[in-house]
Structure formats: C-alpha cells, structure tokens
1. Can you pull the accessible area of Thr440 for me, 1.4 Å probe, Å² to the nearest 10?
2. Compactness ratio of segment 318-445: Cα Rg over 2.2 N^0.38 Å, N = residue count?
3. If the cut-off is 18 Å between C-alpha atoms, which lysines fall inside it for Lys25, apart from same-chain ones fewer than 8 positions away?
4. Find out how many positive minus negative residues lie around Gln51, taking Lys and Arg as positive, Asp and Glu as negative, among other residues whose Cβ is under 10 Å from that of Gln51.
5. Taking the Cα atoms only, what angle lies between the long axis of helix 120-136 and the longest principal axis of the chain, rounded to 10 degrees?
6. Show Ile56, Ile315 ordered by accessible area, largest first, where the area counts protein heavy atoms only and the probe is 1.4 Å.
7. Sort 268-279, 356-367, 394-405 for me by packing, meaning the mean count of neighbouring Cβ atoms within 10 Å per residue, highest on top.
8. For Lys267, list the lysines whose Cα falls under 23 Å from its own Cα; do not include residues on the same chain fewer than 8 positions away.
Amino acid sequence: MGNVHNSKQNADGIGEPAGWSLRQKLGQMVMCGFEGTTPPESILRLIRDYQVGGIIYFRRNIGSVTQVAELSRSLREASVAPGGPPLWIAVDQEGGMVARIDREVALAPGNMALGAAGKPEYAYEVARISGSELRQLGINLNFAPCVDVNNNPANPVVGVRSFGENPELVAALGAAAVRGYQERGVSACAKHFPGHGDTAADSHHELPLVRHRMERLEQVELPPFGRAIEAGVDAIMTAHVRFPACDPSGMPATLSPPILGGLLREKLGYDGVVVTDCLEMNAISQTVGVGRGAVLAVAAGADIVLVSHREDRQIEALEALYAAAENGELPMTRIDEAVARIVRAKTRREEAWRQAKAAGVLPIGDEKHQTWVEETARRCVTLVKAGTGALPLRREAPTLVIWPEVRRSTEVDEVIPQAMTLGKALAPHVADVLEITIGTEPTAAEQEAVLAAAQGGRLQIVAGVYNAAFALGQASLVRRLAALPGATVTAVALRNPYDLREFPQVHAYAACYENRPAMLLAAAQVLAGQLPPQGRLPVSLSPEYPAGWGMDSLAGEQGERQ
C-alpha cells in the first residue's frame, strides 16, 4: 500500500481520487482516535498501512497548546503522501461544557449560553476566535456546532449543547457559527442529523427513538440543518437515533438510506461530507456491530465513519469496508463520490486558511480574544427569579456557597480541574464567604455538612447546582436549605437551566449554563448587582418562565426577548 505518485492534480495540488488505490480511498473514509499526547505506534500504523485520512482528539490527547501543535505536526508529517490531501484532525470544541481544549485558549461560551445572549453576531465571532486558535494548533475540523433543537428537558445528552428550543434561533446561531469556523480554515460539522434534541435516551448507551411525524420534523428538527447547508457547512454528523416517520424499518439515521440519501441528500439538497457519530457507541456497537455498521453507514450515504477509541474496532471497520468494496456490496461509484466530497472540503479549508493568514491572525490566547469571550459571557447570564431581599447579595452578610464538583467523567461530562469556583468568583463582592464543595451526586455526609453550616443566623446562601434535575441529592439539599428559617437561597444553574423545576421555592434563581471561569465571574457580578442581567432563557422552564424570559434588573423589572 504505497503512496500515490501519479494521481491527477486539482488546482491546489491535491490528487483526485481517480488516481488512488482502493486502500487509499477507503482510508480517507475512516477517522480514528488514540490514547496519549504523542502518536503511538498503533495510530502511526493505521496512517501508514491503511492510509487513514482523519484523526480525532479527545481530552486524553491534550496537554499544553505547544504539545497539541507538535502532536498535530507529527501526525501530518506521518500522513504526507505526494499529491495526497491533508490529514483531517478533528475535535469536539463546542464551547462551554464540551470543550476538549480549555487551557491557554480563549474558551468560547457554550451554545445555550449563546442562545441566552440571542444574537448571531456573538456566535459568529466566538466561532471565528475558536476557529483561528484551533487552526493554529493544527486542527482543521471541528465537530460543531450542535444544531439539535433541545425541547425535551429530560434529554440526557444534548441539553446546554443546544442553542435552545426555538428552531429559528438555533438555525440563525448555528449558521453564524458555521461561517465563523470556516472563514478561519476549520471545517464546521453540524450535528446530530436529523436531530437528537427531543430524546430522553443517550445514544452512547442505547438506541433512542423519536416518534414525531414528518410535519413536525420539518417544523422543528430540520430547519437548523437547512440553514447550515445554506451557509455552506462542510460536514454534517449523523445521529444514532431511530425516526420511524422517515424510515419505518427501525434503522437509526446513521445506517438509513431513506434518511441520509432521501432526506438529507435529495430533499435538503446537501452535497457535502456526511460523517457518522462514533460507531463504538452502544447504539451501533451493541446492535449491528462496528464493522457491519461501517458498511451499512457508507451504503446509506455516509462519507466518513468515526471509530474513536479501540484499534481492533478501527481495523475491523477498515477491513469490513475493504471486503464490501471487493465483493461489490459497496460500489466504486459510492466510494469515489465520498472521497471526492472529502477532498473538496479539505481543499476549500486550506484556501480559507491561506486567506485568513494573509489578512492577519491573532495568536492563541490573545488578550483581544479573551476580552471578547468575557464580554460575550456577560451578555449570557440570565436572572430568572429575584425574590424580595435575596438580591443583590449583601456585602457584609455571611455567605455560604455550595460548589458542586464534577468527579466522574462520562461521554459528555468530563472531570475538568479548574482554579475558579463560584465561591472564588463571589469573594470580591461579599465580605465573608464559606464555600463547601460537594459532588454532583452528594453523599449523605456532604449534605449534612452543608446543612450544619447553614444553621443559625441569617445566612445568604448561594447554591450552585449542576444538572440537579438528574441528581436527586442536589435537588433535595436545595429544598432543605430553602426551608431553613431566616435563610435566603439563590440557586445558580451551572449547566441545565431546567433545575429550577426541582426547587421552585428558592428565593432567587440565575442560569449561567456552564461552570467555566468567564461565566462564573459574570454570574458573580450579576448577583452582586455590579452588572445588569442581559440573558434571556433559550428554553422554557414553566408557564411562568417561558423561553425568552429574563429579568432586566435585580429590582424586579422583567422583559422578554423581542
């Protein structure tokens, strides 16, 4: 499997697929991940022997920005083939709570925070900043933006990764983000087609089902993808979700010809790259299997299959594709079509990056980037409720702050060590802060320690909550605190804003959608009365607090987004 030397060249010097071997073509159609901060022999072997054309980074691959840039350089160097396309190096850098790189960069607010700010120009600008920095790290494909419409409070996997519940808002902000990334030479990827926002199951663990009729999908789930296509999005990621209205066979979208071929290609007119969500997720690996899933996905219309973790499964996918091509199950026309799309997208982004550099690009972590991110965060904090006497926080009053610490990583949540906490953010604004750290699933002992500290005296309590709607211990603790005589409790949602539904009796409630430092500092300013709240709820919490709701001041003035 040697490198190609005689392929036809396009205007950018990149070989067209007609001159490649079958292995080279199929290699472009598989994206793999690996453990470690330097390239292990396993990934070098996949690049060398299987011509793999895409790599995905996770937090396990990330150290310093210098290390990431060197890792990218090493991988690109290993993949160089005369006349071949550049390696696609991808990451999930959605912003906010889903960001694999969070040190030494200007970390953008997440989607729901941007939905609370409500203006496409903010989504565009933070995507440009993020794209510029990613590209300087050698990353040229971002699996963002997530354009799922999150209208199900029980959704365990999307939540704050969505811009909100309004399809038009999601469409406008998603399209703006696409433009921002791609202007800086990073291919954007809208996900998860045709929509993962109205599920109550996580496809990492099982195969979800969306029962809505086609009319509803056309009104809610599909418009953001249509706008992303209009914006020229390079890639769209599939959902491992069943949509019987589109495909009565029960096949998940990733493996469904009616969904990928009929709905996405024909009805929406998309001719860019289709990439699967990871085939190692249980929705695929524990049903049809990774190898068979790769073949079915490509046959359905996917151009790239993503196998993020295990080398044996990556080889299984590559060999299954090769066997299917050899026996005619995958026609060469289908393979050539996929590779041509991949090469076109890579070529476009190389040219966009050349133009961006010629116009001038600020370095990673530049002060201007940081300032813009911080200013954007200040526009996102949403004050939902402010009972009499709860806010602004009294400067001289003793303040008990509860900080819920993420201690267990999942496929979406990660343990993210950070120096900034809610208590530290509040410290400049109140004289006496006692911060108690609990887990997001607090133990009985942790709960009792908090309650003991809250006894006696007229305390102001600021309770950070993190997905309390999925954590009964957190919700119970906040309710018990709110019932204490003489205490005022302000709850601050550090992830999903739906948590208020679990303890409506709190005296005040603010949503900041993430626990990242810039947002914590902005939230502290709002609670202390140093910054007027500007955010509006991008999702409905109740009839009393619908999407668009937000208080304009601590004095009780209320407004809704116009």
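1. Its heavy atoms expose roughly 30 Å² to the probe.
2. Values: Rg = 26.1 Å, N = 128, 2.2 N^0.38 = 13.9 Å.
Working it through for segment 318-445, the quotient is 1.88.
3. Candidates past the 8-residue exclusion: Lys8, Lys346.
4. Values: positive: Arg23, Lys25, Arg48; negative: Asp49.
Net charge in that neighbourhood comes out at +2.
5. It is inclined by approximately 60 degrees.
6. Values: Ile56 0, Ile315 50 Å².
In descending accessible area the options line up as Ile315, Ile56.
7. Details: 268-279: 23.2, 356-367: 13.2, 394-405: 18.9.
Output ranking for 268-279, 356-367, 394-405: 268-279, 394-405, 356-367.
8. Counting by Cα, and skipping residues close in sequence, Lys267 has these lysines nearby: Lys191.
The values are calculated or read from the model by the stated rules, or taken from the named source; none is laboratory data. Keep in mind that this is a model prediction, so the values were computed, not measured. No Cβ is skipped: glycine too gets one built from the backbone with ideal geometry, and neighbour counts run over all protein chains shown. In case anyone asks, the SASA skips ligands and DNA or RNA and just uses the protein heavy atoms, side chains included. Shrake-Rupley method; radii C 1.70, N 1.55, O 1.52, S 1.80 Å.
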